[in-house]
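Peer 1: Structure provided below as structure tokens; questions to follow.
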């Protein structure tokens, strides 16, 4: 049967998939199969005929395989009839959305250019980019499409992206989908690296890595490393970016002070107190007088064999109240015969029986002989009547003791729970105090750090290290959720007069972060009034900007008009674009 | 407690596992080795993924559901043999699924099916730097379904299921670079076919 090809098949809804999920059935089948397997294994091994047949069959297969591998040449591949099915498309919208290329520079004539470097693969090299970043290529770092080591000249194409202008110009999507949660990546530096030999793409040797030391102006220590997957159309998280060089890593830990240390000590002291309280509680419960239910006397049955025994009252207090008690041999003792009564046993001991308080185990010993019998305490004649009266009195006493014990238990439990609740409340309060104190310390630390950065100046750079095992696009980023706060349906006005329609791209540029939100031009504009933004709009092949002062003015008065200015169509390089954006 | 904690833990959509998640999954596997009833959270976690993988290669939905049950039955039967090698349990399940699917083509005469979207074909064109044209559709379909099974798997995993190379390498028991190199060779052939058809057309 040939291979069938379906195009745009309708996906199976989750509800349908879930309706087939049946773990109970799986376990049932598994158990059934295990039982059958166990049975068949036993039967199989028992059957000698099967064993011999298996050996003969094995030998036959071996001979056949040998014969074919030695004497038969390769079979010619059969051509089969293949069926092609095309299922109509679901919707045009879905199709048009997915048809768009993944990386599209939005402004024609404008892109971040590649810097090209030539080196000998067998020598390796350290390459320096225009921004003083370094690309460290070890010896024999490349393989060709056959996986063979490459010798000779190779070309490395490299570009780096540092700010919002680079991000917009490159068209590299900064949206990040993690488990269905959409966010935008705030970049601390991004690189795109490729390799070629004679215009053929090459690969990085799996045993080697290229190190890129990227000069970055983002000095914060909150970024992760991502690689762009152009097929899955998403960023792939690699690891935390711990590669900062050139500036001491920010200490994210809160420095404890005397206040937090004292609170922590108090918090630490609470669990032992709770444990001690538990011990005290269980001790008190154990010390409460025990209520032992008296055993109701049984009348001896005539004709049943009996033993007379001296019983230790301390060991069996429930029997202590009865005089002249006898122990009847239970009918379940199949080993009993009348001769056992005639033997003078060297020892006769009783212990608890199968039904606590009702029967006892009588162990009779004579030299090596041991007989065990279940016996039942019983009384005869007046002894039984007296015992019944005594039982009634003891039972009332027992009830009283039991009621008192239950009341005491309840009181102790309430006291215990109240005390525990007090400890837990104290613990919660102390934890809250500790968090508040730590937030205070953190704020102070951040303020100190901000002051330190201010004094350093905004030209401070750090080096971010990318370990590259595959050619592609890498980013040191931090995901940011979509802005929250104000929402408006914007009407973009060119020079305050002409409305702008048919927007191709709409970018909300965060001034305080290296972050660009790629917005859907047809959706309302969401922004945080506390943040500083500018905008870049591309429509009808032209680029328009709204600087952050205009954006703040336009949005503060709750109007929906955003005033834009067209930038010169002659801008064809990123440096001029940066100037236009005010970067 | 552990089982419940994992059961309700939010997992990333398909593959990405942190070290903690791998470790927790390891606890679950050990629990399932001791008692098959503890296999439940793993079954719940991976059922949809495995069904997706199986159905991607089948034409009949019901057969895909049956095979998915077979995969989990086989996994449960053999869980004692499972050894942790630093990769998610999913890779092991995918290998069982692959073997079951292939077995079903041989013994049950089920039909090997390739399922793709037009956008996937466009992606392939984009990867080989060709602008997608309507007439490429049938060419691509023919080229893809004529690929040897191993190559077809690579194309399916990468372009139709959009898996990362790391995951593909683990499912197919290859190194990441090897998977990339092999896929590049396939794409090279695709590119040549498309270029040739373009020339013939012109």
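Peer 1: Using only alpha carbon pairs under 8 Å that are at least six residues apart, calculate the relative contact order of the range A:484-581 and give it in whole percent.
Peer 2: 29 percent
Peer 1: What fraction of the Cα pairs in the range A:484-581, stated in percent, has a spacing above 20 angstrom?
Peer 2: Values: 1443 of 4753 pairs.
Beyond 20 Å sits 30 percent of the P(r) for the range A:484-581.
Peer 1: OK, next. For peptide B:63-71, compute the average count of partner chain beta-carbon atoms within 10 Å of each residue's beta-carbon.
Peer 2: 2
Peer 1: List the extent of the Cα atoms of the range B:136-202 along each of their three principal axes, largest first, rounded to whole Å.
Peer 2: 42, 19, 18
Peer 1: What order do you get for A:14, A:383 when you list them from fewest to most C-beta neighbours inside 10 Å?
Peer 2: Fewest-to-most ranking of A:14, A:383: A:14, A:383.
Peer 1: Give me the inter-chain shielding for A:3-15: mean count of other chain Cβ atoms within 10 Å, whole number please. All intermediate terms of the calculation are to be shown ahead of the outcome.
Peer 2: Values: counts 14, 8, 12, 7, 9, 6, 8, 0, 4, 7, 0, 1, 0.
Average per residue, whole number: 6.
Peer 1: Could you give the C-alpha radius of gyration of the range A:217-359 expressed as a fraction of 2.2 N^0.38 Å, taking N as the number of residues it contains?
Peer 2: 2.64
Peer 1: Order these by the 10 Å Cβ neighbour count, fewest first: A:150, A:343. Before the final figure, lay out each step's value.
Peer 2: Working: A:150 20, A:343 11.
Least to most surrounded, the residues fall as A:343, A:150.
Peer 1: Mind checking the mean number of beta-carbon atoms from other chains within 10 Å of the Cβ atoms in B:107-120?
Peer 2: 5
Peer 1: Rounded to two decimals, what ratio of Rg to Rh does chain B give with C-alpha atoms and a Kirkwood Rh?
Peer 2: Rg/Rh for chain B comes to 1.03.
Peer 1: Related question: Just to be sure I understand the curve: with the Debye formula and one point per C-alpha of the range A:259-299, what is log10 I(q)/I(0) at q = 0.33, 0.34 Å⁻¹?
Peer 2: Here log10 of I(q) over I(0) equals -1.01, -1.03.
Peer 1: Rounded to the nearest 10 degrees, what's the angle between the helix B:118-127 long axis and the longest principal axis of chain B, both from Cα atoms, 0 to 90?
Peer 2: Compared with the principal axis, the helix lies near 70 degrees.
Peer 1: How tilted is helix B:89-107 with respect to the longest principal axis of chain B? Cα atoms for both, answer in degrees (0 to 90, nearest 10).
Peer 2: Taking the Cα atoms of chain B, the angle to B:89-107 is about 60 degrees.
Peer 1: For the Cα atoms of chain B, what angle does the longest principal axis make with the long axis of helix B:40-56, in degrees from 0 to 90, nearest 10?
Peer 2: Result, in degrees: 20.
Peer 1: Evaluated at 37 °C with a viscosity of 0.692 mPa s, what Stokes-Einstein diffusion coefficient in µm²/s does the range A:251-333 have when Rh comes from the Kirkwood expression over alpha-carbon pairs?
Peer 2: Value of D from the Cα-based Kirkwood radius: 170 µm²/s.
Peer 1: Along each of the three principal axes of the Cα atoms of the range A:306-378, give the extent in whole Å, ordering the values from largest to smallest.
Peer 2: Here the Cα extents, ordered largest to smallest, are 32, 24, 19 Å.
Peer 1: Put one equal scatterer on each alpha carbon of the range A:106-226, apply the Debye formula with no solvent term, and list log10 I(q)/I(0) at q = 0.16 1/Å to two decimals.
Peer 2: Result of the Debye calculation: -0.88.
Each value in this text was obtained by applying a stated rule to the coordinates, not by laboratory testing. Fair warning: this is a prediction, and the values are worked out from it, not measured in the lab. Positions of Cβ are backbone-derived with ideal geometry, glycine not excepted, and every protein chain shown enters the neighbour counts.
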